[in-house]
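S.K.: Take this structure, written in structure tokens, and hold onto it; I'll ask about it next.
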Amino acid sequence: MTTTAHVGALPRDRRLAAVDEFAYRLRHNVLDMGQEQGQGYVGQALGAADILATVYAAHLRFRADDPDWAGRDRFLLSTGHYAIGLYAALAEAGTIPREELLTYGSDDSRLPMSGMSSYTPGMEISGGSLGHGLPVAVGMALGLRHQDSRARVFNFLSDGELDEGSTWEAAMSAHHHRLGNLIAMVDINALQADGATAGVLSTEPVHDKWTACGWRTYRVDGNDTDDLLGAFDDAVAGAAAHGAPAVVLCDTRVGKGVPLLETREKAHFMRIDEHEWQICRDQLTAGHDREDAR
């Protein structure tokens with residue numbers, strides 16, 4: 001029985017290589033799923049792939065063949081519309097079959113376009129209106145501590161969610177209860193449904209705000225796996241050692257890894273023509289091959 005999929009015991013260079021490979025395969029999975037619908041939240045998932053890969057390949061404790069294992073770390077996808085990215089990660093982690101990804105968004109599929117915990121193994125909460133994830137994560141982390149569990153809670157948020165007051169109430173509560181078993185990450189891609197985040201409601205200086213709420217705060221390039229691995233290593237260890245929650249703020253690029261989509265006019269919900277999908281795959285593979293050749 002698999003008790004964990006992470007590579008925490010390996011030397012750092014091998015851990016980093018495992019994260020990079022996980023992220024590459026994850027992005028391919030996203031493109032495969034996106035093509036089934038011809039559209040979707042593909043840009044966000046590509047941009048967040050390195051974050052998901054770092055957590056799943058390097059830190060999260062789980063059993064792929066027993067997604068309800070009581071000792072598992074909980075990964076909460078607060079942004080339900082990012083489900084395409086989490087499904088891609090769950091397939092790489094072995095929790096769902098890779099061939100099932102091609103049912104994404106179809107009738108009777110276990111992989112709906114917005115994440116639902118009642119359908120998908122490994123999906124801890126149902127996504128929907130933003131601002132719910134961190135409050136649930138706080139309650140879950142507190143409950144695990146009362147049970148004397150060693151499990152941690154990892155909560156994925158978007159920068160658009162920082163518009164929500166419930167997020168900041170939860171952040172203050174996490175500090176108040178000294179939840180050293182709670183690690184959050186924020187995908188800062190500077191885009192939300194109504195336009196650029198800075199134009200809808202600026203959250204800067206966001207690092208200072210999390211710090212003021214009592215969190216151990218890190219801000220990194222969310223598409224640099226070396227930076228991400230270092231930040232998450234420090235965040236996870238520091239949160240436990242100091243009895244304080246930690247957050248990794250990740251600046252990402254929508255469509256990362258596929259130049260065609262990186263340079264396209266940014267859209268919250270991206271439509272991609274049928275002939276473009278193979279171009280996207282070719283560009284992703286070419287970029288990966290260039291990195292390997294260095």
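The values are calculated or read from the model by the stated rules, or taken from the named source; none is laboratory data. For clarity, every value in this text was computed on a predicted model and none was experimentally measured. We place every Cβ from the backbone using ideal geometry, glycine too, and count neighbours over all the protein chains shown. What goes into the accessible areas is simple: the full protein's heavy atoms, side chains included, and nothing from ligands, DNA or RNA. Shrake-Rupley method; radii C 1.70, N 1.55, O 1.52, S 1.80 Å.
S.K.: Please state which of the following conditions G127 fails to meet, knowing it meets all the rest: (1) open to solvent by less than 50 Å² (accessible area, probe 1.4 Å); (2) part of a helix (DSSP H, G or I).
M.R.: The one condition G127 does not meet is (2).
S.K.: From the residues in segment 261-272 that are exposed (fewer than 15 other Cβ atoms within 10 Å of the Cβ) and without any contact (Cβ under 8 Å) to a residue 40 or more places away in the chain, which one is nearest to R27 (Cα to Cα)?
M.R.: T263
S.K.: Are there helices (runs of 4 or more DSSP H) fully within segment 191-294 with at least 3 residues that are closer than 20 Å to H175 by Cβ? List them.
M.R.: Qualifying helices (runs of 4 or more DSSP H): 206-212, 225-242.
S.K.: May I pose another question? Taking segment 161-187 as the region of interest, how many residues are surrounded by 16 or more Cβ atoms within 10 Å (Cβ to Cβ), small (G, A, S) and not in a strand (DSSP E or B)?
M.R.: 5
S.K.: While we're here: Is one or more of the residues making up segment 83-94 hydrophobic (A, V, I, L, M, F, W, C), within 20 Å of L26 (Cα to Cα) and in contact with a His (Cβ under 9 Å, 6 or more places away or on another chain)?
M.R.: yes
S.K.: Also, I was wondering about something else. Among the residues of segment 116-127, is any more than 18 Å from the chain's Cα centre (by Cα) and either modelled with pLDDT of 95 or more or under 18 Å from G222 (Cβ atoms) (or both)?
M.R.: no
S.K.: Restricting attention to segment 142-160, which residues are part of a loop (DSSP other than H, G, I, E, B), among the small types (G, A, S) and open to solvent by 10 Å² or more (accessible area, probe 1.4 Å)?
M.R.: Selection gives S149 alone.
S.K.: Is one or more of the residues making up segment 191-203 touching a Leu at 6+ places or on another chain (Cβ under 6 Å) and surrounded by fewer than 23 Cβ atoms within 10 Å (Cβ to Cβ)?
M.R.: Yes, segment 191-203 contains a residue that is touching a Leu at 6+ places or on another chain (Cβ under 6 Å) and surrounded by fewer than 23 Cβ atoms within 10 Å (Cβ to Cβ).
S.K.: Within segment 210-221, is even one residue under 21 Å from G160 (Cβ atoms), open to solvent by 20 Å² or more (accessible area, probe 1.4 Å), polar (S, T, N, Q) and touching a His at 6+ places or on another chain (Cβ under 6 Å)?
M.R.: Yes - at least one qualifying residue is present in segment 210-221.
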